[in-house]
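Here is the structure we will look at.
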Amino acid sequence: MKRSQRERNKNGAGRYHGRFCGFSEKLTTIAFAFLAAAVLLITLYRSLSDIVVAEKMAEVSGEKMTAADGGTAEISETAVAEEPAGISGAETDVEMAMESENQTDKSETEIMNSEEIKSETERINSEEIKRVAITFDDGPHPVCTPKLLDGLKERGVCATFFVIGKNIPGNEDIIRRMDEEGHLIGNHTYDHVKISDLSVEAACEQVEKTSALIREITGKDTEYVRPPFGSWCKDLECSFEMFPVLWDVDPLDWTTKNTGDVVRRVLEAVEPDDIILLHDCYESSVDAALQIVDALTEQGYVFVTVDELILE
Ligand code: NI
């Protein structure tokens, strides 16, 4: 079956080819030649008609433009001046000139928009975002610290607390609350000691003991330590790395119970990216802190935790 099918195809092809040999092939060739000539003539005729119609339309448009805008020549000149790359057609075709002019206007608008966007972006980038970190040492205090946390929560402000390890037992809820409300908890040693006066082992114990208590409550390791009296040994290598954090603005709040004095001292000295030092174990300091937050917020400051200022 397969072979006979193949033979049939072969024979069929042969017959088909045979019809185009001899006289019938010549006739077909002549017919094709006529057909091709006819198609060519029709194509030429259509092209010529298009050119004539286009010229007429150009004349009509030219008259309209002359009446409305002061002349074809001016528009062509505008097109020449603004778009030298595309002038050859525009010199004679007013529609193209108009289109070209519109495109020029459009691109000018686009350029203006992109320039406006650029300048706006530059303005936003150059505009100083005034950040400040407010920090509290020597807590947690059973009365003052919750009051401070209430005030900060009310204002949506996060602070950094450098807590003393020995103040934690009995105040675990305060530590937990600090963590839950987005504050950063740092280490202020266990006994509030001058680290630099201690042996490396004793200094590390002060830091690690406090960190262990905080970890028990929050499940987090403390990474930041504020050495009491600002005294830190650079070479101190405890079992984990700690970043010492000092301060920029110290109103010596522990020397006065006058809230206004503390507020004034801070506001006079503070600059963007500063770290403010206060103590959450004094009621006057807590009151001052909340007034400082209000005043600086009004001045456009944004309160951040110290890690945001340090880790850059
Ligand atoms: Ni202290």
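The values are calculated or read from the model by the stated rules, or taken from the named source; none is laboratory data. Bear in mind the structure is a predicted one, so any value in this text is a computation, not a measurement. With ideal geometry, Cβ positions are generated from the backbone for all residues, glycine too; neighbour counts draw on all protein chains shown.
Selection within the range 131-142: residues that are of a type outside the set (A, V, I, L, M, F, W, C) and either modelled with pLDDT under 95 or within 14 Å of the ligand (Cβ to nearest atom) (or both). The member of this set that is farthest from Glu172 (Cα to Cα) is Thr135.
Glu172: loosely packed, with under 14 Cβ neighbours inside 10 Å, farther than 16 Å from Asp137 by Cα and modelled with pLDDT of 95 or more, yes or no? Give the steps one after another, and end with the answer.
Details: loosely packed, with under 14 Cβ neighbours inside 10 Å: no; farther than 16 Å from Asp137 by Cα: yes; modelled with pLDDT of 95 or more: yes.
Criteria not met by Glu172.
Pairs meeting the criteria (first residue in the range 163-182 and closer than 12 Å to Leu149 by Cα, second residue part of a loop (DSSP other than H, G, I, E, B) and of a type in the set (Val, Ile, Thr), beta carbons under 9 Å, at least 6 apart or on different chains) are Ile174/Ile168; Ile175/Ile168; Gly182/Thr305.
Considering the range 223-280 alone, what residues qualify as being touching a Cys at 6+ places or on another chain (Cβ under 6 Å) and within 16 Å of the ligand (Cβ to nearest atom)?
As a first pass, look at the range 223-280 and keep what is touching a Cys at 6+ places or on another chain (Cβ under 6 Å): 238, 280.
Within the range 223-280, Asp280 is the sole residue that qualifies.
Among the candidates Ile217, Ile185, the residue that is outside any loop (DSSP other than H, G, I, E, B), surrounded by 13 or more Cβ atoms within 10 Å (Cβ to Cβ) and more than 16 Å from the ligand (Cβ to nearest atom) is uniquely Ile217. For the residues Tyr224, Tyr190, the requirement of being out of contact with any strand residue (DSSP E or B) (no Cβ under 8 Å at 6 or more places or on another chain), of a type in the set (Phe, Trp, Tyr), surrounded by 16 or more Cβ atoms within 10 Å (Cβ to Cβ) and touching a residue at least 24 places away in the same chain (Cβ under 8 Å) singles out Tyr190.
Could you list, in sequence order, all residues of the range 250-290 that are among the β-branched types (Val, Ile, Thr), outside any helix (DSSP H, G or I) and either without any contact (Cβ under 8 Å) to a residue 12 or more places away in the chain or within 23 Å of Lys130 (Cα to Cα) (or both)? Listed by number, the residues that qualify are Val270, Ile275, Ile276.
Candidates in the range 143-167 are the residues that are more than 22 Å from Ser231 (Cβ to Cβ) and within 16 Å of the ligand (Cβ to nearest atom); of these, the one that is nearest to the chain's Cα centre (by Cα) is Ala159. Within the range 249-305, how many residues are under 22 Å from Gly230 (Cβ atoms) and among the β-branched types (Val, Ile, Thr)? Result for the range 249-305: 11. The residues listed here are Val262, Val249, Val293, Val207; of these, the one that is in contact with a strand residue (DSSP E or B) (Cβ under 6 Å, 6 or more places away or on another chain) and either on the phi > 0 side of the Ramachandran plot or modelled with pLDDT of 95 or more (or both) is Val249.
Do the conditions hold for Ser196, that is, is it more than 16 Å from the ligand (Cβ to nearest atom) and under 21 Å from Phe243 (Cβ atoms)? I'd like the intermediate steps shown before the answer.
Numbers: more than 16 Å from the ligand (Cβ to nearest atom): no; under 21 Å from Phe243 (Cβ atoms): yes.
No; evaluated as a whole, the condition is false for this residue.
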